[in-house]
1. Answer yes if at least one residue in the range 132-153 is surrounded by 14 or more Cβ atoms within 10 Å (Cβ to Cβ), within 24 Å of A176 (Cβ to Cβ), outside the structural domain of I17 (by TED's automatic domain parsing) and at pLDDT below 95, and no otherwise.
2. Have a look at R32, R122, R95, R111 and point out the one that is in the same structural domain as H150 (by TED's automatic domain parsing) and under 30 Å from V156 (Cβ atoms).
3. Kindly indicate whether any position in the range 61-71 is in contact (Cβ under 8 Å) with a residue 12 or more places away in the chain and more than 21 Å from V30 (Cα to Cα).
4. Quick one: how many residues across the range 62-87 are surrounded by fewer than 11 Cβ atoms within 10 Å (Cβ to Cβ), modelled with pLDDT under 95 and of a type outside the set (D, E)?
5. Out of curiosity, is E53 in the same structural domain as G14 (by TED's automatic domain parsing), surrounded by 13 or more Cβ atoms within 10 Å (Cβ to Cβ) and within 25 Å of the chain's Cα centre (by Cα)?
Amino acid sequence: MPNRLPTTSYAILGLLIRQPRSRYDLAQLVERTIAHFWTIAKSQVYRELDRLETLGYVHGTHVHQKRLPDKRVYALTPAGERAFDAWLQVPDAERSHFRSDYLVKVFFANRMPSQTYVELLRRYRDGNQLWRQEIDLILAQLSGNPEAVHMRATAVLGGKIAEAMVAWADGELKRAEQSRRPQLTVGRKPSSTVGTAERARKVQVRRG
């Protein structure tokens, strides 16, 4: 086995186990499945296929189509299947890290107008609520399929992460909105006090 490949390479090999696929079909499959936890750009899918074919892990076949442009279909080779299975045997236990443009903005939110921050939180919450709904659909599709037990496990984790993100955003929204209330009332007298002062003034005018 050659030097260890990037995780993306092994992901491509794994997605070709069931059946051969064209570049486009494989990119679409990525979007419907592992993109929820391992994103791969379409251009990267194409580059990985070229790399894997050079290594002898996949084999591409030119397919002629009458009404559509010709395409190249890739199949997993025995060497590719062995490399994929060998990779699965390595019990990785690395700590997961993720990148988030959103959290970078939150980190510097002290320079952000309070209303802008509230809107940012609302959009984050709504986006993750939508993600949770998408995962629910995936779970429903995988339910009852004995061959999809492990695929479903990844979707269950994704659902829990989405729920946690929504709960976090709701908590921050509550805190942010509470912190804004004192600012809105600074410099204003309670309405009852204003009314009492006005009535006293009118009484003095009548007595005078």
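The values are calculated or read from the model by the stated rules, or taken from the named source; none is laboratory data. None of the values given here were measured: they were computed from a predicted structure. Quick reminder, even Gly has a Cβ in these numbers, built from the backbone with ideal geometry, and neighbours come from all protein chains shown.
1. The answer is yes; a qualifying residue exists.
2. Of R32, R122, R95, R111, the one residue that is in the same structural domain as H150 (by TED's automatic domain parsing) and under 30 Å from V156 (Cβ atoms) is R122.
3. Looking through the range 61-71, at least one residue is in contact (Cβ under 8 Å) with a residue 12 or more places away in the chain and more than 21 Å from V30 (Cα to Cα).
4. Of the residues in that region, 7 qualify.
5. For E53, the condition - in the same structural domain as G14 (by TED's automatic domain parsing), surrounded by 13 or more Cβ atoms within 10 Å (Cβ to Cβ) and within 25 Å of the chain's Cα centre (by Cα) - is not met.
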